[in-house]
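Here is the structure we will look at.
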Amino acid sequence: MVKKIKQKEAWNKGKIVGRKPALVSTQVTAIKTVMAEQSVLRDRAMFATAIDSCLRGCDLVRLRVNDVMLSGEMRDQVRVQPMKTKQQANSAIVFEPSRDTQKLLRRHIEVADLLATDYLFTSTRPQPGPLKPLSERAYLKLVKKWVAFAGLNPEIYGTHSIRRARPALIYRKTGNIRACQIMLGHKTIASTQLYLGVEEEETLDLARQFEM
């Protein structure tokens, strides 16, 4: 008798895979509008910070209060050493939170009664012991919820849709790939081109101009 071997299902079965599209300005505005009415202050501050910073989810959830605030005043510039490149010199990402983002962060810090060394974004559920950062999985769930606010398919969009949003807009408006590289903290311009799908988009644009 031949014993049948049960095949393991592929991790991506039934899922939409591939590069997640970047959010565009109108979608970001739509999400912020709905969040102002339906979301807790922490989530509003987190979304705004994610858009401004272009940080990976793993770095965003590990921000601490003293990263964005010094001696009770909001920092005009925030410097973050990404986990992915923490061993590399001069690989820090620097961003400037907008005035609206600073206001949301200040209110969030005050309402949540956070200390300077506390994580900036923590679980809203009561838990014993020191405050722990929001998990990357929990952040992804929030992102899926947020994109749905703009009428988007949560299966198509993800955390990188937020990370790509501002660099993608800058590249479309200016063509300055070097600025996008610095903003994203990539080691090479080639990585940025691949991440933003620059060559793919340019190819499609050309194809549209020469329809047959």
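The values are calculated or read from the model by the stated rules, or taken from the named source; none is laboratory data. Since the model is a prediction, treat every value here as computed from it, not as a measurement. We place every Cβ from the backbone using ideal geometry, glycine too, and count neighbours over all the protein chains shown.
Being assigned to a helix (DSSP H, G or I) and of a type in the set (S, T, N, Q) is the filter; apply it to segment 147-167 and report the residue that is farthest from Ser25 (Cα to Cα).
Quick first cut of segment 147-167, residues assigned to a helix (DSSP H, G or I) only: 147-149, 159-167.
If we keep only those that are of a type in the set (S, T, N, Q) too, we end up with 159, 161.
Numbers: Thr159: 16, Ser161: 12 Å.
Among them, the one singled out is Thr159.
Which one is nearest to Arg42 (Cα to Cα), of the residues in segment 110-146 that are of a type outside the set (S, T, N, Q), in a loop (DSSP other than H, G, I, E, B) and under 20 Å from the mean Cα position of the chain (by Cα)? Give the derivation first.
So the first thing to find is which residues in segment 110-146 are of a type outside the set (S, T, N, Q), and the list is 110-116, 118-121, 125-126, 128-134, 136-146.
Narrowing the set further to residues that are in a loop (DSSP other than H, G, I, E, B) leaves 112-116, 118, 120-121, 125-126, 128-132, 134.
Filter once more, keeping what is under 20 Å from the mean Cα position of the chain (by Cα): 120-121, 132, 134.
Values: Leu120: 9, Phe121: 7, Lys132: 14, Leu134: 11 Å.
Per the criteria, the residue is Phe121.
Kindly indicate whether any position in segment 71-81 is in a loop (DSSP other than H, G, I, E, B), in contact with a strand residue (DSSP E or B) (Cβ under 9 Å, 6 or more places away or on another chain), more than 16 Å from Ser98 (Cα to Cα) and polar (S, T, N, Q).
yes
When the residues of segment 144-177 are narrowed to those that are without any contact (Cβ under 8 Å) to a residue 24 or more places away in the chain and of a type in the set (A, V, I, L, M), which ends up nearest to Asp52 (Cα to Cα)?
If we take residues in segment 144-177 being without any contact (Cβ under 8 Å) to a residue 24 or more places away in the chain and of a type in the set (A, V, I, L, M), then Ile170 is nearest to Asp52 (Cα to Cα).
Take Val28 and decide whether it is surrounded by 16 or more Cβ atoms within 10 Å (Cβ to Cβ), outside any loop (DSSP other than H, G, I, E, B) and of a type in the set (A, V, I, L, M). Break it down stepwise before answering.
Details: surrounded by 16 or more Cβ atoms within 10 Å (Cβ to Cβ): yes; outside any loop (DSSP other than H, G, I, E, B): yes; of a type in the set (A, V, I, L, M): yes.
Taking the combined requirement at face value, the residue satisfies it.
Can you find a residue in segment 123-132 that is within 17 Å of Thr49 (Cβ to Cβ), in contact (Cβ under 8 Å) with a residue 60 or more places away in the chain and surrounded by 14 or more Cβ atoms within 10 Å (Cβ to Cβ)?
No: zero hits.
So Thr174 fits all but one of (1) at positive phi; (2) at pLDDT below 95; what number is the exception?
So the condition that Thr174 fails would be (1).
For segment 178-197, enumerate the residues that are surrounded by fewer than 17 Cβ atoms within 10 Å (Cβ to Cβ) and either without any contact (Cβ under 8 Å) to a residue 12 or more places away in the chain or in a helix (DSSP H, G or I) (or both).
Listed by number, the residues that qualify are Arg178, Ala179, Ile182, Thr188, Ile189, Ala190, Ser191, Leu194.
Which pairs have Cβ atoms under 9 Å, sit 6 or more apart or on different chains, and link a residue in segment 41-62 that is under 15 Å from Val111 (Cβ atoms) and without any contact (Cβ under 8 Å) to a residue 12 or more places away in the chain to one that is surrounded by fewer than 22 Cβ atoms within 10 Å (Cβ to Cβ) and among the acidic types (Asp, Glu)?
none
Take segment 44-64 and flag every residue that is assigned to a loop (DSSP other than H, G, I, E, B), touching a Ser or Thr at 6+ places or on another chain (Cβ under 8 Å) and closer than 17 Å to Ser123 by Cα.
Within segment 44-64, Val61, Leu63 meet the criteria.
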